[in-house]
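Readers should treat all values here as calculations from the given coordinates under stated rules, not as data from a laboratory. Because the structure is predicted, anything quoted here is derived from the model rather than measured. So basically every Cβ, Gly included, is an ideal-geometry build from the backbone, and we count neighbours across all protein chains shown.
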Amino acid sequence: MNRPLTFLIADDHLLFVEGLKMIVETNPNYTVVGTASNGEEVMIKLSSQYIDIILMDINMPKLDGLKTTKLITEKFPEVKVICVSSHHEKIYIEKMYQYGAMAYLGKNLQIDELMKAIQRASANQKYYSNVILQLLFDKSNPKRKTNNLERFNLTNREIEVLTLIGEEFTSPEISEKLCISTHTVISHRKNLLQKLHVKNTAGLVRFALSLKDMQVL
């Protein structure tokens, strides 16, 4: 039998920590082995405990969640970070993913959303909720995308599909994520192959990764 996944909750609001702990431990294979009220405590506990996943707030005293996540990625790359924050600004979301977070969730999260993020993180895959996808691809702020992708004439939906392909999501998973049919996802894949002049899914992945390196996606 596989050992339980171990969790550390990093947040300086005790009531929220207790509530999150109860939610996590509804799964008998998950166990919360510790809590921390700031980033310094997180780093100390990581040096003495085996922890699989950290549920990380951003606003914490002494060392905030952004800097702590960056340190964890550098010093404990096997540890997965899931951000759980009341901040919904795009800059925080992008920074957390850039620094190595596997998911970004709001504090008004649904239980099934948290469980999906945990499953993704434990499989070393990033998770994007529908809300986060909408924020990252907000039509009111398309400058970065259109300046770099306009020559390919991609639709917003095609950009979303391309980004998820780059994160190694399958067509059924993209279908679930974007609330569209698998057939529609496959159609978007075909359109992307034609528009980007690549031969297969591997080519789409490479293209998405190259755009990510240039901070286009």
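Ranked by how many other Cβ atoms sit within 10 Å of their own Cβ, fewest first, the residues Cys83, Cys179 fall in the order Cys179, Cys83.
The angle between the Cα long axis of helix 14-24 and the main principal axis of the chain comes to about 60°, on a 0 to 90 degree scale.
Cross-link reach is defined here as a Cα-Cα straight distance under 16 Å, omitting same-chain residues fewer than 8 places apart; for Lys195 the aspartates and glutamates meeting it are Glu150, Glu158, Glu160. Segment Met43..Lys190, full-extension length gain: 48.4 nm, with 0.36 nm per residue of separation and the alpha-carbon distance subtracted. Across region 96-107, coupling constants 3J(HN,Hα) worked out from phi with the 6.51/-1.76/1.60 Karplus curve, θ = phi - 60°, read 5, 5, 4, 7, x, 5, 8, 7, 9, 10, x, 6 Hz, and Gly and Pro carry x.
For Asn59, neighbours were defined as the other residues whose beta-carbon sits under 14 Å from its Cβ, and their charges (Lys and Arg +1, Asp and Glu -1) total -1. Arranged from fewest to most other beta-carbon atoms within 10 Å of their beta carbon, His183, His87 become His183, His87.
A cut-off of 5 Å between modelled amide H atoms, ignoring neighbours fewer than 5 places along the same chain, links Met60 with Gly65.
Can you divide the C-alpha Rg of region 5-136 by 2.2 N^0.38 Å and report the result to two decimal places? So region 5-136 has a normalised radius of gyration of 0.93. A cut-off of 5 Å between modelled amide H atoms, ignoring neighbours fewer than 5 places along the same chain, links Lys80 with Ile53, Ile54. Each of Thr201 and Thr31 was given a label point 7 Å from its Cα along the Cα-to-Cβ line. The distance between the two points is 3.7 nm.
The peptide list 53-62, 19-28, 168-177, put in order of mean Cβ contacts within 10 Å with the highest first, becomes 53-62, 168-177, 19-28. Using a Förster distance of 35 angstrom, determine the FRET efficiency expected from the C-beta separation of Glu94 and Asp12, and round it to 0.05. The calculated FRET efficiency here is 0.90.
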